[in-house]
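One structure is given below, encoded as structure tokens.
The values are calculated or read from the model by the stated rules, or taken from the named source; none is laboratory data. Fair warning: this is a prediction, and the values are worked out from it, not measured in the lab. Neighbour counts are summed over all protein chains in view; Cβ atoms, including those assigned to glycine, are modelled from backbone coordinates with ideal geometry. Heavy atoms of the whole protein, side chains included, go into the accessibility calculation; ligands, DNA and RNA do not. Shrake-Rupley method; radii C 1.70, N 1.55, O 1.52, S 1.80 Å.
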Amino acid sequence: MTDKSNRQVRLSEIEHVSYCPRQWGLISMESTFSDNVETTAGHLVHQRVDSGFSETRGLVRVERSLPVWSDTLGLYGIADAVEFHKDKPPLPVEYKSSRLKIRSAELQLMGQAVCLEEMFAVEISFGFLYLAKTKKRQKVNFDSGLRSELQEMIDKVRRLHASEFLPAPVNDKRCDRCSLARTCMPQLSQNRQKVGGKISSVWNAI
């Protein structure tokens with residue numbers, strides 16, 4: 001088995017694996033993806049951001065679709081928007097269509113922040129999630145708890161890659177809005193696991 005303990009981790013993987021490891025596996029391991037209402041709304045929100053258009057608002061420079069990375073953590077990806085205020089650390093802003101997956105989005109934002117911290121040799125204490133549905137920003141404090149959770153997610157991504165097995169389905173309320181539900185078939189997959197477990201138990205008892 002190839003050593004994957006130090007593989008580079010994409011920021012998008014942090015969001016996916018923290019929300020649902022099965023979803024992460026279908027996207028990252030099997031290159032499977034499909035759209036639904038939720039993902040289409042997300043694409044629309046990101047149209048301007050993904051253009052890479054930059055602008056200056058007064059004393060603030062805004063860079064969009066900015067590549068970021070951390071050699072220390074082996075983390076890389078694209079930040080939706082980064083604001084550069086005069087004499088202040090850069091401020092990452094992550095765009096989301098709604099509050100769905102809010103904790104996962106916070107971890108993704110934390111990942112952007114640690115990359116920027118390493119790139120610019122600064123400490124960033126907070127960032128923002130921009131929620132398109134409400135057109136408001138939600139402040140996210142980068143405390144020790146969130147930083148520790150980010151490291152746990154990075155380690156988890158590497159462990160999942162090293163295992164080379166598709167994570168088991170969750171079959172809970174997360175599945176209702178997942179665009180990959182038809183591919184994942186969580187209820188059917190779980191039933192197969194239960195049947196397989198019973199057969200295994202019977203076989204071991206013989």
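Solvent-accessible area of residue 104, probe 1.4 Å, all protein chains present, reported in Å² to the nearest ten, please.
We get 10 Å² for residue 104.
Could you provide, to the nearest whole Å², the per residue accessible area of the range 54-138 with probe 1.4 Å?
Solvent-accessible surface per residue comes out at 49 Å².
Suppose R0 equals 30 Å; then what is the FRET efficiency for residue 152 and residue 55 from their Cβ-Cβ distance, rounded to the nearest 0.05?
Approximately 0.25, to the nearest 0.05.
Residue 88 to residue 168: FRET efficiency via 1/(1 + (r/R0)^6), r the Cβ-Cβ distance, R0 41 Å, to the nearest 0.05?
After rounding to 0.05, the efficiency reads 0.40.
Normalised by the number of residues in the range 50-173, what is the relative contact order in percent for Cα pairs under 8 Å and 6+ residues apart?
Relative contact order, the range 50-173: 17 percent.
Express in nm, to one decimal, how much length is gained between residue 7 and residue 185 on full extension, taking 0.36 nm for each residue of separation and deducting their alpha carbon distance.
Full extension from residue 7 to residue 185 adds 61.1 nm.
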